[in-house]
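Input: a single structure, listed below in structure tokens.
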Amino acid sequence: MQKINYPLDDQLPSLGQSIEIVPGVKWIRMPLPFALDHINLWLIKDNFEGRLGWTIVDCGVANQLTQDAWELVFQNELEKLPVVRIIVTHMHPDHIGLADWLTKKWSAPLWMTMTDYVLAKWLCDPRGVEVGSVAGGGGAADHFSKHGLVNEDDLEKIRARANYFSNMVPTVPQRFRRIMDQEELQIGANVWKVLVGYGHAPEHACLWSSNINTLISGDMVLPRISTNVSVFDSEPDADPLGLYLDSLSHLKKLPSNALVLPSHGKPFNGLHERIDQLHEHHQDRLNEVLEACGRAPQSARDLIPILFKRSLDLHQLTFAMGEAIAHLNYLWRDGRLKREACSDGVLRFSC
Ligand SMILES: [Zn+2]
């Protein structure tokens, strides 16, 4: 099995510049205002509807810093050609944030999956904020308090973050072109097959090109951090972890020596080894959850210090809560845990 390695070692593209990683595919990197401080975006040389130019894969968050960085990319990296299409892997703010600006600036269409388009459209509307954000709003606060997060200070801060999504994604394009699982997209010289995966976002698109043995993995497979897999208040009984692990198993059908272009971290080889590590990581967490629930009934909040050994700020705590619920729901949905609503209104899980 191909071991994990980084073919470019420590090379990183500097702001506004690219590294051509395979012929016709350029790697660019944009800053992010989080602990996870960057996102990788891709430019693919294209000949789209008779126009030579570039297809962009993913957009960065909507802020001035990212827009300025894009302007530099346009000056430095387009070889005097236009942007002809924008593909977005999924609806998270660092991926779709500037899609509306980019599509308008270049009169280029947005291509993405339907579920993610519709959800982004919904969440960027101020009336939609209660729907699905793990990070903020009254719905998120109710969701977490049912799972044992009862600190009133924390809940107040979570309620106050109702505009979390729309701050980073103020607008989503009015129209889009739907892409679907297994669809083959001709992008320039190569065919890229859409591989839809679940559990991280509702309908996340990876792009696989067998011609050049390259996978644009989005957030589905990252080299160092594990992909966030969370239960949101809009679908409290969801089993995103089951969906995610299943999607990983599908990606393992690709060649072990494929080059993986992830949204965070560095391009790497060793897809199968990384998928095995991720399966193992979640299996270990599931075992810890089972063990704790065998000792005494546990809420998701009770499990946070067991699953996350470092201290967490509120933002990280909301993600950790979503992850803890995902592990509980996985075991509950497959019958290994029982769930009970206790007299204090908190959901607790036991064996
Ligand atoms: Zn994501």
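If R0 is 30 Å, what FRET efficiency do you get for A160 and L72 from their C-beta distance, rounded to 0.05? With R0 = 30 Å, the Cβ-Cβ based efficiency is 0.30.
Could you work out the relative contact order of segment 137-209, using alpha carbon pairs under 8 angstrom and six or more residues apart, expressed as a whole percent?
Numbers: 66 pairs, mean separation 13.6, N = 73.
19 percent.
For segment 157-209, trypsin sites (Lys or Arg not before Pro) are listed when DSSP marks them as loop and at most 12 other Cβ atoms sit within 10 Å of their Cβ; the list is R175. What translational diffusion coefficient, to the nearest whole µm²/s, does the chain have by Stokes-Einstein, given a Kirkwood radius computed over alpha-carbon pairs, a temperature of 10 °C and 1.306 mPa s viscosity? Translational diffusion coefficient: 76 µm²/s. When the chain is treated as a Gaussian network with alpha carbon springs shorter than 10 Å, the biggest mean-square fluctuation among L290, L271, L81 belongs to L81. Applying a threshold of 27 Å to the alpha-carbon distances of K252/K338; K105/K157; K45/K193; K3/K193 flags K252/K338; K105/K157 as lying beyond it. Separation of segment 39-69 and segment 162-197, taken as the distance between their Cα centroids, equals 12 angstrom.
Taking each residue as 0.36 nm, the span from D284 to K193 lengthens on full extension beyond its C-alpha to C-alpha distance by 29.5 nm.
DSSP finds beta bridges in segment 1-124, and of those with both partners inside it, around 75 percent are antiparallel. For the chain, averaging the sequence separation of C-alpha pairs within contact (under 8 Å, six or more residues apart) and dividing by the residue count gives a relative contact order of 16 percent. Expressed to the nearest 5 percent, the antiparallel share of DSSP beta bridges inside segment 212-351 is 65 percent. The accessible surface of segment 203-339, taken with every protein chain in place and a 1.4 Å probe, is 48 percent carbon and sulfur.
So the label point goes 7 Å from the Cα of F319 along Cα→C-beta, right? Which residues of segment 228-248 then have their backbone N under 14 Å from it? Backbone N within reach: 228-231.
Solvent exposure of the chain, expressed per residue, is 42 Å² of accessible area, with all protein chains present and a 1.4 angstrom probe.
The values are calculated or read from the model by the stated rules, or taken from the named source; none is laboratory data. Remember, it's a predicted structure, so these values are computed and weren't measured experimentally. Cβ: placed from backbone, ideal geometry, glycine included. Neighbour counts: every protein chain shown. The accessibility values were calculated without ligands, DNA or RNA, using every heavy atom of the protein model including side chains. Shrake-Rupley method; radii C 1.70, N 1.55, O 1.52, S 1.80 Å.
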